[in-house]
1. For residue 198, work out the one condition from (1) loosely packed, with under 13 Cβ neighbours inside 10 Å; (2) touching a strand residue (DSSP E or B) at 6+ places or on another chain (Cβ under 7 Å) it doesn't fulfil.
2. Return a yes/no flag: does region 424-439 have any residue that is surrounded by 13 or more Cβ atoms within 10 Å (Cβ to Cβ), part of a loop (DSSP other than H, G, I, E, B) and touching a residue at least 40 places away in the same chain (Cβ under 8 Å).
3. Anything in region 230-250 that is buried (at least 20 other Cβ atoms within 10 Å of the Cβ) and touching a helix residue (DSSP H, G or I) at 6+ places or on another chain (Cβ under 6 Å)? List them, or say none.
4. Kindly check whether there is at least one residue in region 464-479 that is free of Cβ contacts under 8 Å to residues at least 60 places away in the same chain, crowded, with 16+ Cβ neighbours inside 10 Å and in contact with a strand residue (DSSP E or B) (Cβ under 8 Å, 6 or more places away or on another chain).
5. Can you tell me which residue among 208, 136 is closer than 17 Å to residue 234 by Cβ, assigned by TED's automatic domain parsing to the domain that holds residue 287 and modelled with pLDDT under 90?
6. Among all residue pairs at least 6 apart or on different chains, which show Cβ distances below 9 Å where the first residue, located in region 324-345, is in contact (Cβ under 8 Å) with a residue 12 or more places away in the chain and at positive phi and the second is surrounded by 20 or more Cβ atoms within 10 Å (Cβ to Cβ) and assigned to a helix (DSSP H, G or I)?
7. Only one of 388, 376 is farther than 30 Å from residue 417 by Cα, surrounded by 15 or more Cβ atoms within 10 Å (Cβ to Cβ) and over 14 Å from the mean Cα position of the chain (by Cα). Can you tell me which?
8. Which residue pairs have Cβ atoms closer than 7 Å, lie 6 or more positions apart in sequence or on different chains, and pair a first residue in region 264-287 that is more than 20 Å from residue 231 (Cα to Cα) with a second residue that is part of a loop (DSSP other than H, G, I, E, B) and at pLDDT below 95?
C-alpha cells in the first residue's frame, strides 16, 4: 500500500481500534507496569506515533486473545537484562528497560504456540540511529548462550566486519563483567564459548561470504544494519540452518539507508503488509519507526515520533542541532533523512541554475547609485564569523519593466585569508573588487551594518531586512540600535519557508525577469547550489558538498521571500 489517502484512512481506523481495546481485561501490570505505561502513552497521543507503531500495538492484543502468553518468561528476561552491565557514558552500567523496550521484548519472548514452542521466530527493530538497538539486542545472544539449548549457536552478522564487531564486542564485554576470571566462558576475538558443565553453546561474529559457511546449526541470529546489504545470501544461509531448533530466533536491527533496491526493502515492505493485515503471518514481530505521510521533516513532533528514545539515549537537542546542520548541504540532509528520520531516500539534490546561466543574467552597468528616486528594495544577509564570507543581497523590483535586479556584496575578514584553503581565489576576487576584505580576524558586523544604512540613506528605500534568526543576534542588535528595528524580519531557514520564494525566483529567472550585478562570486555560489526536496515536496537550495559556498544564493532567495510576504 503506497496510496497516501489509504494510509491516512488506515491510521484513523487503527486509532479507533486502539481506543476500543479494554486494557483492564489484559491486566498488563501483572507482566510489567512499563508495558501498561507504554501502551497508555501511545493511546493518549496517537498522532504522536506512526501508523505502524499503532498497528503493532493493536496486533499485540489480537495475539493476546489468540495465543498463550507466558508472563514468567518475560519477567525472567527482564530480571536478566537489568542485571547486565552495558557500555555507557560513565563506564559499564546496569540499565532499566524503557517502556518501549519492555513492549518489544514481551512480543518477542512472551507468546507461545504450544507450551514449548515460542510464537515469534523473526523480529525486526527498524529504528533510527542512537536508539541503542545494537547494544540492547546483544542481551538476546547472551540469554541464548546461557539459557537456550545446551548446544545453542548464536551468530552476530552484518554487512561488514566492523559493524558486526560492535554488537559482538558488547557481548564480550558483558560476559567479562559476569565472569571476570573467565571460569565459565572462553572469549576470543570472534567467538565466545560456554564452558559450563553440560553446555557446548557459543556465540560467534560473522561478516563473511555466504558460500564459505557450512555446518551451521543456528539457534539465534542477529543481523545488524541489514539495510546496507546488497544480498540476502548470508541471512539465508544462517536462517536455513535453524531447522532443528524448537525456538529459533532471528532479529534484524537496522536503520534506513540510500539503497532503495535491496533485500531489506523487500523484507520491510512484506512486514508492513503483515501489520496492515494484508499478509497472514503471526510468526514475526515488527516495530517500525518512520514518519507518517504528512509529517514535516523539521517538526519536533516528527523527530519524537521516529525516535522514541529522544531524551533517553539521545540528547533532547540532538535532532534540532543535526537538522540545522543538514540544511546546509545535500549530503548531510541525506544522512539526516536516512539515519535520524529512518527514511529510505537517495541524494535528491539537482543542479538548479548553472554558473553560466547566472552569468548570462549579469548586468555590466550595475550601479545602485544610478537607480532613480531611491527605489524600494528588499535586503537579506547571510553572516559568517571568521571561516568564510558573508553576503548581503539588495533586490530591487522595477515595475515598469517587471524586472528584479539583485545586487550582492560579499565580505571576508582579511586576517583569516592567509590560512584559508581558498585564499588564492579570494585574493583574486578581492584584488578585482568583487570581495571586500574587512580588518581583523573575524567579520565586523558594524561595517556591514554601516554599508546597509548608507545604501538606505543614499540609494534605496529598504522595506525589509531578512536574517537567519538562529545566528544573527549581534547583527540584529546593531541594526536595531541604528534605527532599523521595524524593518528587521527573521526568516526561518526551513524547507517550508523557502518553497514559495524558490518558485518565485525560478519563474522570474526562467522568463528573463531577473538580473544580477556583474560579480563572479554570484555564479560561483549558484554553481555550488543544488535544489533539494523534502518528503512533503518543499524545496530549498543547499550546498552540493560540505565545503561549497552558496551564501549569495540563500540571500537572493531570502529577498524573494520578503517580497512574497510583504504587507504595506
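The values are calculated or read from the model by the stated rules, or taken from the named source; none is laboratory data. Model, not experiment: these values are computed from the prediction. Neighbour counts are summed over all protein chains in view; Cβ atoms, including those assigned to glycine, are modelled from backbone coordinates with ideal geometry.
1. Of the numbered conditions (1) loosely packed, with under 13 Cβ neighbours inside 10 Å; (2) touching a strand residue (DSSP E or B) at 6+ places or on another chain (Cβ under 7 Å), the odd one out for residue 198 is (2).
2. Yes - at least one qualifying residue is present in region 424-439.
3. Those that are buried (at least 20 other Cβ atoms within 10 Å of the Cβ) and touching a helix residue (DSSP H, G or I) at 6+ places or on another chain (Cβ under 6 Å): 234, 237, 250.
4. Yes, because at least one residue in region 464-479 is free of Cβ contacts under 8 Å to residues at least 60 places away in the same chain, crowded, with 16+ Cβ neighbours inside 10 Å and in contact with a strand residue (DSSP E or B) (Cβ under 8 Å, 6 or more places away or on another chain).
5. Working: 136 fails: closer than 17 Å to residue 234 by Cβ.
None of the other options fit; the residue is 208.
6. Sorted first by the residue in region 324-345, then by its partner, the pairs are 342/306.
7. On the way: 388 fails: farther than 30 Å from residue 417 by Cα.
Among 388, 376, only 376 is farther than 30 Å from residue 417 by Cα, surrounded by 15 or more Cβ atoms within 10 Å (Cβ to Cβ) and over 14 Å from the mean Cα position of the chain (by Cα).
8. That search, which allows pairs on different chains as well, returns 276/1.
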